[in-house]
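The values are calculated or read from the model by the stated rules, or taken from the named source; none is laboratory data. What you see is a predicted model; the values in this text were computed from it and never measured. As a convention, Cβ positions derive from the backbone with ideal geometry for all residues, glycine included, and neighbour counts pool all protein chains shown. The accessibility values were calculated without ligands, DNA or RNA, using every heavy atom of the protein model including side chains. Shrake-Rupley method; radii C 1.70, N 1.55, O 1.52, S 1.80 Å.
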Amino acid sequence: MTEPIRIGNCSGFYGDRLSAMREMLEGGELDVLTGDYLAELTMLILGKDQLKDASLGYARTFVRQLEDCLALALERGVRIVANAGGLNPAGLAERVREVATGLGLDPQVAHVEGDDVRHLSFPNALTANAYLGGFGIAAALTAGADVVVTGRVTDASLVVGPAVAHHGWTPTSYDELAGAVVAGHVIECGTQATGGNFSGFLSLPHRDRLLGFPVAEVAADGSSVITKHAGTGGAVTVDTVTAQLVYEIQSTRYLGPDVTVHLDSIRLAQDGEDRVAITDVVGEAPPERFKVCVNELGGWRNQAEFVLTGLDVEAKAAWVRDQLGPRLTAAEVTWSDVVAPEPDADTQEGASTLLRCTVKDASPDPVGRAFTSAAVELALASYPGFTMTAPPAAATPYGVYRAEYVDRADVTHTVVHADGRREVVADPTGFTPDEPAPGARPSPYPARTDVLTRRLPLGTFVHARSGDKGGDANVGLWVAHDDVSREQHAARVQWLFKILSPRGIPALLPEAADLDVDVWLLPNLGAANLVLHGLLGEGVAASTRFDPQAKGLGEWLRSRLVSIEESLL
């Protein structure tokens, strides 16, 4: 049986810590170093880059990292796998070779392509990319590649590919592949697995240090241990790993191009300081079709923020709306709600609140100077204390994201090896039918009635992490693993599942009162996942919400007061 493979991560998004690649290479032993640079919004950004220069379309910060670290990676025998190719993996591979030549190096550089499916009935799409799996990466590594760059593979594929190459798994090694997907999902967002965006941050040690990036030790049976390099900031605990596990997962079935993961099978256990074991993951055949990320240019947008201070802020906001509204010709005009500041505030900022006006239109003209001039011209002709948070800005284009699905036969998953040889990755031969996932919360939920309750924040012993999937918001909730008995923890989990009823969700999240909400239960993790359909409109780039990616939604939910039984405290 092969030894576990140590796979690190040095990037969770395009714009992550530039020094992380060197930190990971110097900080400890690794076999492979991965970097995740892509998200739905990133594909839109890269698409805009290509409109200006067709030779672009990849994550340029990755090139800067390799200029600094390629020699070190080769010296240490660490292979690099990244999806930084974005819309132009071939262009990035060539750029990597240029960097290597300039450094006097000669690495084997391969790339994976075939994800671009704009030709498949997506005529108006700026980008349309199928989420490919990890077997193309595995083929490149097996052939000896030192650096593999890809386009739109799933984030977890960056771990699945190296694990397949190392352990020799086949396309029907479903449990092993599922375990690697889970490990990949945990480390794909970088420091979100080691304490970043963690609602239990007050418990983290050494908060003065930069958080360490995660490492997955993936064993031959698909089990793994999540850890980090010694001496780095943050922590790896059951709670920090759970936080990432429930991030943007939707139902209890995690559908990937290589395998369908049963999320309700996962078991976590602390395996020492900064080590969490992931075991018992069950997988089955993947879905028959590829998911596709489609981005279209939706139009143009702009916004202005007015500062309202002191008394009568509601009346001041109403006057601005009355004055500015009739002059606006944009197709969509959205005003934010106004919350009155605390009375008798000690500071001017504390006595102020913001009123935001967002405009969108198919043409830049109604949201450009016509909008900003109308707003600025009120400066001496509107409410007392008129001021704005920023100077007027030019109109900017926005994109609209949607998920589509295409037949596998229409996608040619291709590896271009270092010697130029092209290898087509075979499709799986077995598939899982498209059926409803189990694990939806039953209603009514079988639990006893509370007695002797106290009104306290939900976050008293419940953690949360939230994010976006297109126009839907996801909130993962789980009971903290603090110093209580196993029986007490189980009672808290039952209480959490009970309060997440269809009738109770609107009371907890009034903004979701008119939305369809799914509640999925993950008892092994003591967790539940909420999917709030349509909360984010047409996706992050088009949303007019205060928090268009729903990153703070979980923290708002934790702050809401609920009735908690005394015996659970």
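Listing for the model above:
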{"read-out": "Calculated SAXS-style log₁₀ I(q)/I(0) at q = 0.13, 0.17, 0.19 Å⁻¹ - the stretch 1-69, Debye, Cα scatterers", "value": "-0.45, -0.68, -0.79"}
{"read-out": "Gyration tensor (alpha-carbon) shape descriptor, the stretch 77-161, a/c threshold 1.5", "value": "oblate"}
{"read-out": "Probe 1.4 Å, protein heavy atoms only - accessible area per residue of the stretch 482-569 in square angstrom", "value": "46"}
{"read-out": "Alpha-carbon centroids, the stretch 150-189 and the stretch 321-339: separation in whole Å", "value": "48"}
{"read-out": "Rg over Rh, two decimals, the stretch 251-324 (C-alpha only, Kirkwood Rh)", "value": "1.38"}
{"read-out": "Nonlocal amide H pairs with T453, under 5 Å, H built at 1.01 Å", "value": "E566"}
{"read-out": "Portion, in percent, of the accessible area of the stretch 347-498 that falls on carbon or sulfur, probe 1.4 Å", "value": "53"}
{"read-out": "Rounded to whole Hz, the Karplus (6.51, -1.76, 1.60) HN-Hα couplings of the stretch 510-523, x for glycine and proline", "value": "x, 5, 9, 4, 9, 9, 7, 10, 9, 10, 10, 9, 10, x"}
{"read-out": "Cα centroid separation, the stretch 75-106 to the stretch 201-258 (Å)", "value": "27"}
{"read-out": "Pairs of Cα atoms farther than 24 Å apart, the stretch 280-408, %", "value": "46"}
{"read-out": "Cα-based shape type of the stretch 195-309, given that a ≥ b ≥ c are square roots of the gyration tensor eigenvalues and the cut on a/c is 1.5", "value": "oblate"}
{"read-out": "In Hz, Karplus ³J(HN,Hα) per residue of the stretch 333-342 (6.51, -1.76, 1.60; θ = phi - 60°; x = Gly, Pro)", "value": "10, 10, 10, 7, 6, 10, 10, 5, x, 4"}
{"read-out": "Descending semi-axes in whole angstrom, ellipsoid equivalent of the chain, from the Cα gyration tensor", "value": "40, 32, 23"}
{"read-out": "The stretch 493-551: relative contact order as a whole-number percent, Cα under 8 Å and 6+ apart", "value": "23"}
{"read-out": "Average accessible area per residue (Å²) across the stretch 104-152 - probe 1.4 Å, nucleic acids and ligands excluded", "value": "31"}
{"read-out": "Among 278-285, 182-189, the order from most to least packed when residues are scored by Cβ within 10 Å on average", "value": "182-189, 278-285"}
{"read-out": "Under 28 Å between alpha carbons - lysine pairs in the chain that sit 8 or more apart or on different chains", "value": "17"}
{"read-out": "Ranked packing of 534-541, 193-200, 118-125, most packed first, by mean Cβ within 10 Å", "value": "193-200, 534-541, 118-125"}
{"read-out": "Karplus-derived HN-Hα couplings along the stretch 396-410 (A = 6.51, B = -1.76, C = 1.60, θ = phi - 60°), whole Hz, x at Gly and Pro", "value": "10, x, 10, x, 10, 9, 8, 9, 10, 9, 9, 5, 4, 5, 8"}
{"read-out": "Overall form of the stretch 16-116 per C-alpha gyration tensor (a/c, 1.5; a/b vs b/c)", "value": "prolate"}
{"read-out": "The chain - percent relative contact order, Cα under 8 Å, separation 6 or more", "value": "14"}
{"read-out": "Listed peptides 95-104, 202-211, 224-233, 254-263 by packing density, highest first (mean Cβ within 10 Å)", "value": "254-263, 224-233, 95-104, 202-211"}
{"read-out": "Carbon plus sulfur fraction of accessible area for the stretch 261-344, probe 1.4 Å, in percent", "value": "48"}
{"read-out": "Within the stretch 291-395, GluC sites (Glu not before Pro) in DSSP loop having at most 13 other beta-carbon neighbours inside 10 Å", "value": "E349, E377"}
{"read-out": "Qualifying chymotrypsin sites (Phe, Trp or Tyr not before Pro) in the stretch 462-569, DSSP loop, other Cβ atoms within 10 Å at most 12", "value": "F546"}
{"read-out": "The stretch 71-201 - percent of accessible surface contributed by carbon and sulfur, probe 1.4 Å", "value": "48"}
{"read-out": "Cut-off under 5 Å, modelled amide H: who pairs with T34 long-range", "value": "G8, N9, C10, V81"}
{"read-out": "At R0 = 35 Å, FRET efficiency that the Cβ-Cβ distance of D337 and N124 yields, to 0.05", "value": "0.55"}
{"read-out": "Rel. contact order, % - alpha carbon contacts under 8 angstrom, at least six apart, the stretch 331-434", "value": "16"}
{"read-out": "Solvent-accessible area per residue, Å², over the stretch 379-434 with all protein chains present [probe radius 1.4 Å]", "value": "59"}
{"read-out": "For the stretch 439-475 versus the stretch 1-17, the gap between their alpha-carbon centres in whole angstrom", "value": "32"}
{"read-out": "FRET efficiency, 1/(1 + (r/R0)^6) with R0 22 Å, evaluated for E29 and A269 via beta carbons", "value": "0.45"}
